[in-house]
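Novice: Below you will find the structure I want to go over with you.
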Amino acid sequence: MAREPLGVFGHWGAFRDARPLRCYAIAEPVERPRGAAWAPFAAISQWPGRNVRNQLHIRLRMKKKRGEPVILTVDGRRFNLVAGGADAWAPDARTDAAVVAAIRGGSEMRVQTRGENDRRFTDAYALRGVATAIDAAALACADIG
């Protein structure tokens, strides 16, 4: 089944996948990183079949160095993420909720770690439109029947 676009809101888009049912707000970094292994993104997802709401997922631009922390900062507020390879998440639902609350009212988000090449890197995301994109995704996956 095809991905259904729900709209573009500022720097963020919202989409719905039918099988498995999943809806999400997603954005790319403000600047396209040079030398990236793949396209990084930040997403906030709803998985109704798994009873998951507002789950953060960060795709890093490259695999992180083993043992290095991944730090997400929203307007100066820091969150430690858990990561494997090139993906990072909040460690629990409580942190997901805190991150989503921060980004809904924030203006900039940064994700920082050290890559396998031993160089530090930071991906910056503009947050204009994120609250509307999160709401559109949540409504698209709401149980209204």
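Novice: Pairs please, first residue from region 116-141 and touching a residue at least 60 places away in the same chain (Cβ under 8 Å), second anywhere and hydroxyl-bearing (S, T, Y), Cβ atoms under 6 Å, 6+ apart in sequence or on different chains.
Specialist: L127/S107; A137/Y24
Novice: Conditions first: (1) over 22 Å from F15 (Cα atoms); (2) modelled with pLDDT under 95. N51 passes all but one, so which condition is the exception?
Specialist: Every listed condition holds for N51 apart from (1).
Novice: Here's something else I'd like to know. Go through region 90-121 and give me each residue that's closer than 21 Å to A25 by Cβ and buried (at least 18 other Cβ atoms within 10 Å of the Cβ).
Specialist: A90, D96, V99, V100, A102, I103, G106, M109, V111
Novice: Taking region 107-145 as the region of interest, how many residues are assigned to a strand (DSSP E or B), of a type outside the set (V, I, T) and under 15 Å from L60 (Cβ atoms)?
Specialist: Qualifying residue count, region 107-145: 10.
Novice: So which residues in region 14-38 are at pLDDT 90 or above, hydrophobic (A, V, I, L, M, F, W, C) and under 17 Å from the mean Cα position of the chain (by Cα), if there are any at all?
Specialist: Within region 14-38, A14, F15, C23, A25, I26, A27, V30 meet the criteria.
Novice: Another question, then. Check off (1) at pLDDT 95 or above; (2) crowded, with 18+ Cβ neighbours inside 10 Å for T73 and give me the number that stays unchecked.
Specialist: Status for T73: all satisfied but (2).
Novice: Also, quick follow-up: Going by the conditions given, is L72 in contact with a strand residue (DSSP E or B) (Cβ under 7 Å, 6 or more places away or on another chain), within 20 Å of E31 (Cα to Cα) and in a strand (DSSP E or B)?
Specialist: Working: in contact with a strand residue (DSSP E or B) (Cβ under 7 Å, 6 or more places away or on another chain): yes; within 20 Å of E31 (Cα to Cα): yes; in a strand (DSSP E or B): yes.
The answer is yes for L72.
Here's the yes/no breakdown for (1) in contact with a helix residue (DSSP H, G or I) (Cβ under 6 Å, 6 or more places away or on another chain); (2) under 16 Å from V100 (Cβ atoms):
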residue: R3; (1), (2): no, no
residue: V8; (1), (2): no, no
residue: G13; (1), (2): no, no
residue: R16; (1), (2): yes, no
residue: C23; (1), (2): yes, yes
residue: A27; (1), (2): no, yes
residue: R32; (1), (2): no, no
residue: I44; (1), (2): yes, yes
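Novice: Would region 115-130 turn up any residue that is touching a helix residue (DSSP H, G or I) at 6+ places or on another chain (Cβ under 8 Å) and at pLDDT 95 or above?
Specialist: Yes: region 115-130 contains one or more residues that are touching a helix residue (DSSP H, G or I) at 6+ places or on another chain (Cβ under 8 Å) and at pLDDT 95 or above.
Novice: Scan region 90-106 for residues that are within 13 Å of the chain's Cα centre (by Cα) and assigned to a loop (DSSP other than H, G, I, E, B) and jot them down.
Specialist: If the condition is that a residue be within 13 Å of the chain's Cα centre (by Cα) and assigned to a loop (DSSP other than H, G, I, E, B), then A90 is the only one that fits.
The values are calculated or read from the model by the stated rules, or taken from the named source; none is laboratory data. These figures come from a predicted structure and were not determined experimentally. Reconstructed Cβ throughout: ideal geometry from the backbone, glycine too, with neighbour counts over all protein chains shown.
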